[in-house]
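> Structure provided below as structure tokens; questions to follow.
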Amino acid sequence: MPLDLDDALNHLEENASDALPIAGATDLLPRIKRKQVSVRNLVDLSGLQELRYIKQEGGTVRIGALTTIADLEAQRNDSVWGRLLTDVAGRFGSPNIRSVATVGGNICAASSSEDLIPVFLVLDAKVKTIRRTGTREMPLQEFLVAKRKTTLHPDEILAEVSFPEPSARSACSFQKLGMRNILIIALVSVAVFLEMDEKDSKIKCARVAFNRLRGKIPQRAENVEKEIVGKELSGQTIKSAVDRLGDELALTSDFRASAQYRQEAVKVLLRRALTDCQQKILGK
Ligand SMILES: Cc1cc2nc3c(=O)[nH]c(=O)nc-3n(C[C@H](O)[C@H](O)[C@H](O)COP(=O)(O)OP(=O)(O)OC[C@H]3O[C@@H](n4cnc5c(N)ncnc54)[C@H](O)[C@@H]3O)c2cc1C
């Protein structure tokens with residue numbers, strides 16, 4: 001087991017043709033057991049304490065890739081982003097899963113059902129990657145190429161996710177629908193970020209993201225965002241956002257739920273998320 005980042009990067013470089021990093025193992029191990037992944041060497045990152053942190057620096061929030069979901073749940077930052085992350089983490093898997101599953105593992109799993117991906121997309125997150133030959137930084141949207149595919153090189157690890165601290169005139173909401181409340185992969189989930197203008201009268205910036213898209217990673221719903229920017233945050237605006245959603249999203253069909261069911265559910269979740277943001281902004 002690597003003792004520090006240098007050691008982990010050496011292991012990955014030496015075994016790049018047949019090695020994968022592993023962190024909490026809550027995604028990779030079940031996939032290895034189901035024979036969906038075959039690999040000779042696992043480089044265990046779980047001891048890398050230097051990549052386990054949540055910091056605020058000059059208007060930017062930085063979260064180390066080895067930060068666990070339980071760490072997100074336990075942080076008590078009383079801000080727009082702090083409350084959002086506590087809320088998302090508190091509904092993630094179960095306490096056992098949260099104590100080992102990591103932020104980096106959630107992003108690198110790049111599946112259609114990960115909770116943190118839509119959340120970080122609406123927070124306008126960037127990711128930082130490291131390999132022996134240097135570091136790279138890019139928007140999360142560029143890092144995620146397709147379902148189960150990222151721009152990571154075989155000898156590279158995700159080190160950090162960062163995002164600009166949302167202003168006091170903003171609000172966020174995460175809505176998730178599952179068959180039950182714990183230990184469940186979402187049937188569909190929606191994340192929303194809204195920022196009001198200086199007079200708190202019109203929506204200055206809107207970011208909306210969904211998961212469970214057919215064959216894809218979670219992504220932004222740009223038509224919905226365009227529909228509401230510049231408008232008042234009223235019941236009419238919320239209705240037009242939900243109407244605009246229409247067929248923009250091709251949701252997946254599987255043994256858990258049909259695409260048609262998800263299509264209806266997502267409208268309800270979007271309405272709830274926007275109404276939640278409206279209440280948070282009015283309540284300030
Ligand atoms: C019972 C159960 C419930 C679950 N509930 C939820 C839920 O509610 N919401 C949700 O979103 N997910 C859920 N999951 C899925 C899983 O727990 C998450 O995706 C988790 O965040 C994965 O993190 P991990 O550290 O365990 O990743 P791992 O399994 O260790 O790794 C996942 C992938 O990422 C790669 N990887 C990990 N860390 C790095 C890194 N730093 N750099 C480069 N590559 C890396 C690995 O090579 C692997 O391909 C659940 C899983 C189970 C088994």
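> What translational diffusion coefficient, to the nearest whole µm²/s, does the chain have by Stokes-Einstein, given a Kirkwood radius computed over alpha-carbon pairs, a temperature of 4 °C and 1.567 mPa s viscosity?
So the translational diffusion coefficient is about 67 µm²/s.
> Based on the Kirkwood radius over alpha-carbon pairs, what is the Stokes-Einstein translational diffusion coefficient of the stretch 170-283 at 37 °C with 0.692 mPa s viscosity, in µm²/s?
Here the translational diffusion coefficient equals 230 µm²/s.
> What is the order of Leu20, Leu72, Leu274, fewest Cβ neighbours within 10 Å to most?
Fewest to most other Cβ atoms nearby, the residues stand as Leu20, Leu72, Leu274.
> Quick one: dipole size for the chain, taken about the Cα centre, charges +1 on Lys/Arg Cβ and -1 on Asp/Glu Cβ, in debye to the nearest 20.
Roughly 1080 debye for the chain.
> Something else now. Rounded if a/c is under 1.5, else prolate if a/b beats b/c, else oblate: with a ≥ b ≥ c from the C-alpha gyration tensor eigenvalues square-rooted, which is the stretch 88-154?
It is prolate, given that a/c is not under 1.5 and a/b is the larger ratio.
> Taking the alpha-carbon centroid of each part, what is the distance from the stretch 201-270 to the stretch 104-168 in angstrom?
22
> Also, I was wondering about something else. What number, in percent, do you get for the relative contact order of the stretch 31-90 if the mean sequence gap of Cα pairs under 8 Å and at least 6 apart is divided by its residue count?
Answer for the stretch 31-90 is 20 percent.
> So, one more: Using θ = phi - 60° and the Karplus form 6.51 cos²θ - 1.76 cosθ + 1.60, what ³J(HN,Hα) does each residue of the stretch 2-14 get, whole Hz, x for Gly and Pro?
After applying 6.51 cos²θ - 1.76 cosθ + 1.60, I find x, 8, 8, 4, 4, 4, 5, 5, 4, 4, 5, 5, 5 Hz.
Any read-out appearing in this document is the output of simple, stated calculations on the displayed coordinates, not a laboratory observation. These numbers were taken from a predicted model, which means no experiment stands behind them. Virtual Cβ from ideal backbone geometry, glycine too; neighbours counted across all protein chains shown.
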